[in-house]
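Here the structure comes first, spelled out in structure tokens, and everything after it is commentary.
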Amino acid sequence: MNRREFLLAAAGAAAASTLSFSGRLFAAPANSPRFLLVFLRGGYDCNNLLVPCGSDFYYESRPTLAIAKPDLDNPDSAMALDADWGLNPVVRDTLYPLWQKKQLAFIPFAGTNDLSRSHFETQDHIERGEPLGHEANYRSGFLARLSGLLTGTPAIAFTNNLPLSFQGAGHDIPNISLKGDPRAHFNERQAAILSGMYKGTSLAQATADGLALPKTISADLRNEMVAASRGAPSAHNFAAETQRIATLMRDQYRLGFVDVGGWDTHVNQGNTKGGLANNLKNLGEGLAAYADALGGAWNDTTVVVLSEFGRTFRENGDHGTDHGHGTVHWVLGGQVAGGRVAGEQLAVAQQNLLQNRDYQVLNDYRDVLGGLFARLWGLNAGQLQTVFPQAKPRDLQLV
């Protein structure tokens, strides 16, 4: 066993130890709906994924960050989706084929009415699923309330700790970490035991490196961009772990949550190259691999990708973007009525910005998800109010 194999094995063993089941493993009913929520922590820049290439204002606002208008002779230009919107070419081989098969839809001008522009407040607000101004209950998440209403719909979180969205379910919901770093899984006692097992062997140094305590992490990483991810693995980790997610969701689970970090791009964001492009490329690869790994089960699967907020429409002085408001949600799946940009929209122009800086929110996430859940599971009005109190579910006929 070489160093890489050992570290991967250690990570896998640690991850397995975090997965707890209530009773025996079981298979969920065949052909029952599958739903996976992918939360991009850090506020991703939607304007460089779903590109408003029909807007001159977009190009005026982003002199270094804008994705070029569709041009068949330019491989770095946006891929036209319709007269107004294009897609970043870094997802040409992953998301674009799903769009062409009408298995992917985008919802711009989406999000929450929380205007704090705080990663943590807005992430918590979304995961709770409560109306703004409602007394905050940090022990009740909307996926937990949804899980409580459904039968034959076992739930799982692909996270190191049970996320707020699954808190308060009233029954055990397992979680499994996708992090490939064993430091995230072993405490000091466990690390000492494992180190002792390999003491004096050729793997001793690899063991020490792999189990190094968090105090060895560079202080430079303890900044806002890392904190905004709340410990969520990167898009690279997500792409590497989709096979495991697909196996569990196909055979055992029907309601899932995974978060992906690294989307807080204040500096040197890039366009078709750079940190954001790499994240989008890895995320697209992960989602495409997830669809492939599910096989025929993809036809019963719906995936929603969202983030706590979008970014400022204009780029900043550091060639990045800052905390914004409205964003773009994605809806994918074998039976998704895709190949379209859905929901209420406005022309992308300066006069339509919120506070002259952000996308407005015209499609509240609680209303959109409420309408989607009604179609997936046939929930009635009272049940939808349990999941999203005071919401006004909107049926965008996404499935």
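Just a few scattered comments:
- Taken over the range 130-166, the criterion of being more than 19 Å from the chain's Cα centre (by Cα) and over 16 Å from residue 34 (Cα atoms) is satisfied by 130, 131, 132, 133, 134, 135, 136, 137, 138, 139, 140, 145.
- Yes/no for residue 88 being under 23 Å from residue 275 (Cα atoms), out of contact with any strand residue (DSSP E or B) (no Cβ under 8 Å at 6 or more places or on another chain), of a type outside the set (Val, Ile, Thr) and surrounded by 14 or more Cβ atoms within 10 Å (Cβ to Cβ): no
- Residue 266 fulfils the conditions (1) farther than 15 Å from residue 49 by Cα; (2) under 20 Å from the mean Cα position of the chain (by Cα); (3) outside any loop (DSSP other than H, G, I, E, B) except for a single criterion, (3).
- So residue 313, is it closer than 14 Å to residue 107 by Cα and of a type in the set (Phe, Trp, Tyr): no
Here is a yes/no grid of residues against (1) surrounded by 15 or more Cβ atoms within 10 Å (Cβ to Cβ); (2) on the phi > 0 side of the Ramachandran plot; (3) out of contact with any strand residue (DSSP E or B) (no Cβ under 8 Å at 6 or more places or on another chain):
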position: 110; (1), (2), (3): yes, no, no
position: 114; (1), (2), (3): yes, no, yes
position: 119; (1), (2), (3): yes, no, no
position: 125; (1), (2), (3): yes, no, yes
position: 132; (1), (2), (3): no, no, yes
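- Of the residues making up the range 66-92, those that are assigned to a loop (DSSP other than H, G, I, E, B), without any contact (Cβ under 8 Å) to a residue 40 or more places away in the chain and not polar (S, T, N, Q) are 69, 70, 71, 72, 73, 75, 78, 83, 92.
- First in the range 233-256 and within 15 Å of residue 285 (Cβ to Cβ) and buried (at least 19 other Cβ atoms within 10 Å of the Cβ), second anywhere and modelled with pLDDT of 90 or more and among the aromatic types (Phe, Trp, Tyr), Cβ under 8 Å, 6 or more apart: 241/158; 242/290; 245/158; 245/290; 246/290
- The criterion of being part of a helix (DSSP H, G or I) and either in contact (Cβ under 8 Å) with a residue 12 or more places away in the chain or crowded, with 23+ Cβ neighbours inside 10 Å (or both) does not hold for residue 318.
The values are calculated or read from the model by the stated rules, or taken from the named source; none is laboratory data. All values derive from a computational prediction rather than experimental measurement. Don't worry about glycine lacking a Cβ; one is built from the backbone with ideal geometry, like all the others, and counts go over all protein chains shown.
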